[in-house]
Amino acid sequence: MSPPLRAVVLVEGESDRAALLALAARRGHDLGADGVAVLAMGGITNVGHFLDRFGPPGRGLPLAGLYDAGEERFVRRHLARTGPGAPADLAELGFFVCTADLEDELIRALGVAAVERVVAAEGELGALRTLRHQPAQRDRPAAAQLHRFLGSRGGRKIQYARLLVEALDPDRVPRPLDAVLERVRAIGPGPRT
């Protein structure tokens, strides 16, 4: 029997969900067993639906989330509509911003060389080299090429989200990922049945 749902973390897509679950597992936490659901919304434009369903208008559960800096207007507008308003810093409500997106945060935290080692370990260094030789990619920085590589095949972002989190030095976890996990851990585990 699964525990009652006590909190919800809203993330844009499955790669964000995979990264957060990997970090929680790496730290010895089973969010599902603690009654915390990590829900991929299928895009930030769906945030209003999820806030209505799980936030104050719906089930009234504690919420947290990750969002990309370029998508803040969606999050801010819907938090203002469904809750206590949107403060200047959305982190006060448990929503944490990724500078560009979570992949960018992970690439910066690991560094290009470490990400390339992960790609090599997956046997995809040849595919990365092929991408880097494309005319549109040749003059781009290595980090931008890696970012493009992660999104260049269906399922690759999800696959590498977990792998990149597993490769992180514990002291180099991107702040938004670390903060959202700390937020749900602060809620505390629910009663075990």
Item to check | Spin-label proximity, residue 127 to region 150-167 - amide N less than 15 Å from point 7 Å beyond Cα toward beta carbon | outcome: 150-164
Checklist entry - By how many degrees, between 0 and 90 and to the nearest 10, does the Cα long axis of helix 156-167 differ from the longest principal axis of the chain? => result 90 degrees
Item to check | Highest-first arrangement of 60-66, 77-83, where packing means the average Cβ count within 10 Å | outcome: 60-66, 77-83
Checklist entry - Roughly how many Å is it from the Cα centre of region 160-174 to that of region 40-99, as a whole number? => result 25 Å
Checklist outcome for this item: Note: residue 39 to residue 175 extended length (0.36 nm per residue) minus current alpha-carbon separation gives 47.0 nm
Next on the checklist: Using the basic label-point model (7 angstrom from Cα toward the beta carbon), what is the residue 72 to residue 30 distance in nanometres?
Outcome noted: 3.8 nm
Checklist entry - Two-decimal Rg/Rh of region 118-193 from alpha-carbon positions, Kirkwood Rh? => result 1.14
Checklist entry - Computed FRET efficiency, Cβ-Cβ of residue 5 and residue 112, R0 35 Å: what is it to the nearest 0.05? => result 0.35
Checklist entry - Per Stokes-Einstein, at 4 °C and 1.567 mPa s, what whole-number D in µm² s⁻¹ belongs to the chain, with the Kirkwood radius over Cα pairs as the hydrodynamic radius? => result 74 µm²/s
Next on the checklist: Please list, in order along region 133-146, the HN-Hα scalar couplings obtained from phi with the Karplus expression 6.51 cos²θ - 1.76 cosθ + 1.60 (θ = phi - 60°), rounded to whole Hz, x for Gly and Pro.
Outcome noted: 8, 5, x, 6, 9, 3, 9, 7, x, 4, 5, 5, 5, 4
Checklist entry - So how tilted is helix 175-187 from the main axis of the chain? Cα-based, degrees 0 to 90, rounded to 10. => result 30 degrees
Next on the checklist: Going by average Cβ density within 10 Å per residue, which order do the peptides 32-43, 121-132, 102-113 take, highest to lowest?
Outcome noted: 102-113, 32-43, 121-132
Checklist entry - What are the radius of gyration and Dmax of region 10-95, computed over its Cα atoms and given in Å? => result 12.8, 36
Checklist outcome for this item: Expressed as a whole-number percentage, the relative contact order of region 1-144 with C-alpha contacts under 8 angstrom and at least six residues apart is 20 percent
Checklist entry - On a 0 to 90 degree scale, rounded to 10, what angle separates helix 112-121 from the longest Cα axis of the chain? => result 80 degrees
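Any read-out appearing in this document is the output of simple, stated calculations on the displayed coordinates, not a laboratory observation. Note that the structure is a prediction, hence the values are computed from the model and not measured. Neighbour counts are summed over all protein chains in view; Cβ atoms, including those assigned to glycine, are modelled from backbone coordinates with ideal geometry.
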